[in-house]
1. Which is touching a residue at least 40 places away in the same chain (Cβ under 8 Å), out of contact with any Cys (no Cβ under 9 Å at 6 or more places or on another chain), surrounded by 17 or more Cβ atoms within 10 Å (Cβ to Cβ) and of a type in the set (A, V, I, L, M), of ILE285, ILE270?
2. Would you mind finding the one in LYS33, LYS53 that is part of a helix (DSSP H, G or I), at negative phi and in contact (Cβ under 8 Å) with a residue 40 or more places away in the chain?
3. Picking from LEU80, LEU24, LEU44, which residue would you name as being over 25 Å from THR304 (Cα atoms), among the hydrophobic types (A, V, I, L, M, F, W, C) and either in contact with a strand residue (DSSP E or B) (Cβ under 8 Å, 6 or more places away or on another chain) or not in a helix (DSSP H, G or I) (or both)?
4. Looking only at strands (runs of 3 or more DSSP E) that fall completely inside segment 243-313, which ones have 3 or more residues that are touching a helix residue (DSSP H, G or I) at 6+ places or on another chain (Cβ under 8 Å) and modelled with pLDDT of 95 or more?
5. Out of curiosity, is PHE219 in contact (Cβ under 8 Å) with a residue 12 or more places away in the chain and either in a helix (DSSP H, G or I) or of a type in the set (S, T, N, Q) (or both)?
6. Any idea which of GLU291, GLU262, GLU244 is more than 19 Å from the chain's Cα centre (by Cα), closer than 30 Å to ARG124 by Cβ and of a type in the set (Asp, Glu)?
7. Of all residues being exposed (fewer than 14 other Cβ atoms within 10 Å of the Cβ), assigned to a loop (DSSP other than H, G, I, E, B) and charged (D, E, K, R) in segment 178-216, which is modelled with the highest pLDDT? Just the residue, please.
8. Give me a count of the residues in segment 222-234 that are surrounded by fewer than 19 Cβ atoms within 10 Å (Cβ to Cβ), touching a residue at least 12 places away in the same chain (Cβ under 8 Å) and of a type outside the set (Val, Ile, Thr).
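The values are calculated or read from the model by the stated rules, or taken from the named source; none is laboratory data. The model shown is predicted, which means the values in this text are computed figures rather than measured ones. No Cβ is skipped: glycine too gets one built from the backbone with ideal geometry, and neighbour counts run over all protein chains shown.
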Amino acid sequence: MIIPTNLDFGQYLADISFLESQDLHWSDHWVDKITERVINGQKLTGERLPWDKTQKQFRLRRGELTIWGGGNGHRKSMLLGQIMAWLSQKSRVCIASLEMRPEETLLRMARQVAGCYPSPEFAREFAMWGNERILIYDQLDTIEAVKILGMVHYAAKELGCKHIVIDSLTKCGLDEEDYRAEKKFVDRLQWAAKHYQIHIHLVCHIRKGMSEDRVPNKFDIKGTGAITDVADNVVICWKDKRKEDAKRKQKDRQNLTPDEVEMLEKPDQILSVMKQRNGDFEGSIALWFREDGLEFEESEGRGTAPIHIGAVQ
């Protein structure tokens, strides 16, 4: 770095100090916020997930970044699609699904809302209902990180989106070995979440070679461990592939072993909350999967409250 010889260093410091002074306040600046925290400190804040049993466990708060981790095929994107459809009833959501065409993303969400493969009329009604509710970033494959940040800025500031999904980190134009760039990008996402008072959902993959017979943890997430340190929340998505195999055998009327019969009683999906900076709960949330509607239920046969999208039900 070359420092100009004609720099008035005193003036430079004065300019910097003026800028930084905007963030210096006496304690009474926060009098209303601290009073609110005392009154509501024990209350859960943030938007709810679709399942009743999670209401006192995990919330999606404004100004936070959540990492959704999981291996390939463990339904991270599918889960987030159902969550975004649920949230879009009250908040604008933006989905940057860089591995799936927009129409496929919307069709899957329509199927989850319908609870079955939708008719053409329902699919059309859902897409029309999503106007001013569901915003899709029309890009596929790898996109430069700075463009992703620009998209976040515009969707939040100009279009009022309160939830933004980035699926996934591996498609954000970063060298897998450049951990400094990766951490800097996630830092900027967290800054954007706080600055615009939105919730950012970042999908991350699990390192290759991990056993699929156990639920991974936050240390198994691909890339630098610093990204889970930076994030406010870390949730791992895990599909029980052994149960999936047993269900397939049952559907094909094949004989099941005693272990496979027992497996059928277990949940299909686990959401493992590994970190929740502003919440007390850390642990596992069991979900059941309905294949016809690609819908996750809180218990077998008990789905979420219906989403009414208009005349077509």
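1. Numbers: ILE270 fails: out of contact with any Cys (no Cβ under 9 Å at 6 or more places or on another chain).
Going through ILE285, ILE270 in turn, the sole match is ILE285.
2. Working: LYS33 fails: in contact (Cβ under 8 Å) with a residue 40 or more places away in the chain.
Every option except LYS53 fails the conditions.
3. After applying the criteria, what remains is LEU24.
4. On the way: elements: 269-276, 283-290, 295-297.
Where strands (runs of 3 or more DSSP E) fall fully within segment 243-313 and carry at least 3 residues being touching a helix residue (DSSP H, G or I) at 6+ places or on another chain (Cβ under 8 Å) and modelled with pLDDT of 95 or more, they are 269-276.
5. no
6. Result: GLU291 is the single residue among GLU291, GLU262, GLU244 that is more than 19 Å from the chain's Cα centre (by Cα), closer than 30 Å to ARG124 by Cβ and of a type in the set (Asp, Glu).
7. Out of the qualifying residues, it is ASP178.
8. Qualifying residue count, segment 222-234: 2.
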